[in-house]
1. Cβ neighbours within 10 Å, averaged per peptide: list B:154-163, A:41-50 in order, most packed at the top.
2. For region B:148-214, list log₁₀ I(q)/I(0) at each q in 0.14, 0.16 Å⁻¹, using the Debye formula over Cα point scatterers of equal strength and ignoring solvent, two decimals each.
3. Could you work out the mean count of beta carbons from other protein chains within 10 Å of each residue's beta carbon in B:190-197?
4. Roughly how large is the B-A contact in terms of buried accessible area, totalled over both chains, probe 1.4 Å, nearest 100 Å²?
5. To make sure I understand the rule: partners must be lysines, Cα under 22 Å from the Cα of A:LYS60, and not fewer than 8 residues away in the same chain. Which ones qualify?
6. Taking a temperature of 10 °C and a viscosity of 1.306 mPa s, what whole-number D in µm²/s does Stokes-Einstein yield for chain A with Rh from Kirkwood over alpha carbon pairs?
7. Compute the projected area of the convex hull of the Cα atoms of region B:176-240, averaged over all viewing directions, and report it in nm² to one decimal place.
8. If you take each beta carbon of peptide B:198-210 and count the beta carbons of other chains within 10 angstrom, what is the mean?
Amino acid sequence: MGRQVTGAIPDTSIFDLRLARRGQRLNRMCAALCSPQERDSFKRDDEAFMSRFGLAAAEKALIRKRDFQGLIDAGTNIYALLKIGSATGNGLYKMGAQMRGESYEEFLATRNIRGAV
Amino acid sequence: MGRIVGGLGLSHVPSIGPVVDRNRMQEPGWKPLFDAYVPVREWLVTIRPDVAIVVYNDHAADFSFDKYPTFALGVAEQYAIGDEGFGTRPLPAVRGDIDLSIHLAEALVYEHEFDLTLCQELAVEHGFLVPMNLCFPHDKDRWPVRAIPLQVNVIQHPLPTARRCYRLGQALGAAVQSFPGDTKVVVLGTGGMSHQLQGKRFGYMNEKFDQWFLDELERDPAGLAEITHQKIMEEAGAEAVELIMWLTMRGAVSPNARRLHRHYYAPMTTGMGLITFEG
């Protein structure tokens with residue numbers, strides 16, 4: 001069928017192997033957050049946790065700043081990012097609002113039926 | 001002999017899980033979705049499937065990107081409830097069908113030449129469990145059907161093509177029919193519809209595309225299977241590419257299968273579609 005992804009899409013990240021390689025450390029750290037013990041470790045001492053997974057200084061800075069779009073650009077898969085969101089008290093819609101450059105309330109106001117959360 | 005008695009295409013939006021667990025299904029924001037499943041559940045009770053084959057994707061929960069299979073089939077007596085980073089939902093473990101799984105693995109690999117990853121240990125998460133919640137109400141200890149997970153990589157490109165997913169469904173349908181046991185099977189194709197979860201385009205939906213997809217899935221699935229990932233992602237959002245899994249379901253039922261139910265509800269960030277076909 002030939003190539004399936006043929007061009008950039010505005011305001012859209014496509015998680016391919018190049019991005020996956022860039023984000024390997026971040027995605028490994030996120031995978032660990034699927035364990036309750038590891039989530040506790042992260043909440044207790046996030047700096048030690050990030051160091052244990054060998055995160056680069058710039059990657060650690062993105063997590064400290066809760067810069068979700070920066071983490072996507074650094075190769076974090078969106079579903080891996082949700083695990084950081086969960087461990088830091090940021091649900092999907094909060095993260096999405098930040099990525100859109102809106103407040104949570106502004107984002108909710110753009111939805112069809114905001115009761116379905 | 002095995003028999004496909006139905007096919008369902010449906011969204012697996014994760015926020016549905018806690019709504020079920022906290023019994024919030026009658027709240028105004030959620031009622032339209034759950035009401036659409038009332039006739040579907042009645043139909044499922046009538047056709048009495050023994051097994052549900054659930055075509056879904058793992059969202060970096062039990063599979064990691066260090067090793068991420070393109071197609072993976074569960075071959076176990078039981079599947080655990082996974083923790084995808086938000087805790088483990090209070091659900092009974094999923095009963096598998098080991099004889100059918102082994103038959104499907106052998107038929108798909110030998111006869112149909114789909115080289116699957118075969119999983120003897122697999123924990124399932126929202127991609128699998130939300131469709132089960134919507135179709136098959138469980139009690140404290142068990143689900144009313146046995147189930148087999150068929151996992152598809154729809155999150156790390158290169159993904160399998162839509163056409164490959166459709167052909168997998170055709171092979172799956174033939175493999176079920178060559179099973180010697182008297183077993184009735186439904187196939188669930190899950191995910192989508194339009195949504196994007198990152199970038200400035202977060203929250204993007206496209207009802208027009210979603211309704212077109214439902215039309216074509218019913219009318220001309222072979223034609224729809226020629227769609228590229230690029231087109232789906234451009235028109236319906238990057239994460240909408242999950243829709244290729246609906247083509248696996250469609251391939252497993254007859255090309256001229258009768259469509260029974262159809263519904264669409266798009267309250268927040270995802271077009272939640274539902275379509276069913278007779279076997």
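The values are calculated or read from the model by the stated rules, or taken from the named source; none is laboratory data. Quick caveat, the model's predicted, so the values are computed rather than measured. Every residue, glycine among them, receives a Cβ derived from its backbone with ideal geometry; neighbour counts consider all protein chains shown. For accessibility, only protein heavy atoms count, side chains too; no ligands or nucleic acids. Shrake-Rupley method; radii C 1.70, N 1.55, O 1.52, S 1.80 Å.
1. B:154-163, A:41-50
2. Taken in order of the listed q values, log10 I(q)/I(0) reads -0.63, -0.78.
3. Details: counts 0, 0, 0, 0, 0, 0, 7, 10.
That works out to 2 on average.
4. On the way: alone 12100 and 7640 Å², together 15790 Å².
Chains B and A together bury approximately 3900 Å².
5. Correct list for A:LYS60: A:LYS43, A:LYS83, A:LYS94.
6. On the way: Rh = 15.4 Å.
Translational D for this selection: 103 µm²/s.
7. Working: hull surface 23.9 nm².
Approximately 6.0 nm², given one-decimal rounding.
8. Working: counts 17, 13, 8, 8, 16, 10, 2, 2, 0, 1, 0, 0, 0.
Counting other chains' Cβ atoms within 10 Å and averaging over B:198-210 gives 6.
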